[in-house]
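Scroll down for the structure; my scribbles are underneath it.
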Amino acid sequence: MFGYLKEIVKKADRMRAAERVRDFMIWQHNNALDCNTGEMTDEQMSNADLVETTFLRGAALAATGWFGLRDYDQALFLINILGMYKGLSYEQASRELMRTILDEELERRASYVGYLSMSQYLTNRRSNTFSNSLAELQKACGNY
């Protein structure tokens, strides 16, 4: 009986974690759109998308720690979050996740900022301190 209850709690934690990441990313994405001051080239749009995906990866990693997901659940959680957020299949999300890992400089910056921003969000909800983290990061990476 307790094994069954533990599984329900684990699923609930994964669902709550996924919901928090989704809500956080929608908030960040909308703020980034509001900060966009003009037209972007195709290259800038592609780079902004990669920054957002890497930022999302950092946010999802923060959620795995916050909600106590086990290490072997993290990869699947990241792929599922990415697939849910961007409407990708498992294979597409896996490739997109690998694309974020291959850019080491972006990985250090965007993933770290996503991690810190998500941690702050989970602690204080919609704090103004980190409300434009994604937008500022995209600007710093030359997208606007």
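Derivation of every value follows stated rules applied to the coordinates shown; laboratory data play no part. What you see is a predicted model, and the numbers here were worked out from it, not measured in a lab. Note: ideal-geometry Cβ built from the backbone for every residue, glycine included; neighbour counts use all protein chains shown.
Find how much the distance from TYR112 to ASP49 grows on full extension, using 0.36 nm per residue of separation minus their present alpha carbon separation; answer in nm with one decimal.
Working: separation 63, 0.36 × 63 = 22.68 nm, distance 1.64 nm.
Extending this stretch completely gives an extra 21.0 nm.
You can think of it this way: the chain between MET40 and GLN74 has 8.9 nm of extra reach, that is 0.36 nm per residue less the Cα-Cα gap.
How would you order 90-99, 55-64, 76-85, 110-119 from highest to lowest mean count of nearby Cβ atoms within 10 Å? Spell out each step's value before the answer.
Working: 90-99: 14.8, 55-64: 25.8, 76-85: 19.1, 110-119: 21.8.
Averaged packing, sorted descending, gives the order 55-64, 110-119, 76-85, 90-99.
Would you kindly state how much longer the chain becomes between MET84 and GLU105 on full extension, computed as 0.36 nm times their sequence separation minus their alpha carbon distance, in nm to one decimal?
Details: separation 21, 0.36 × 21 = 7.56 nm, distance 2.56 nm.
Fully extending the segment from MET84 to GLU105 adds 5.0 nm.
Using only alpha carbons, the stretch 23-121 has a radius of gyration to Kirkwood radius ratio (Rg to Rh) of 0.96.
Scan the stretch 29-74 for GluC sites (Glu not before Pro) in coil per DSSP, keeping those whose Cβ has at most 14 other Cβ atoms within 10 Å, and list them by number. Can you show the working numbers first?
Values: sites: GLU39, GLU43, GLU52; in loops: GLU39.
Passing both the DSSP loop test and the Cβ count: GLU39.
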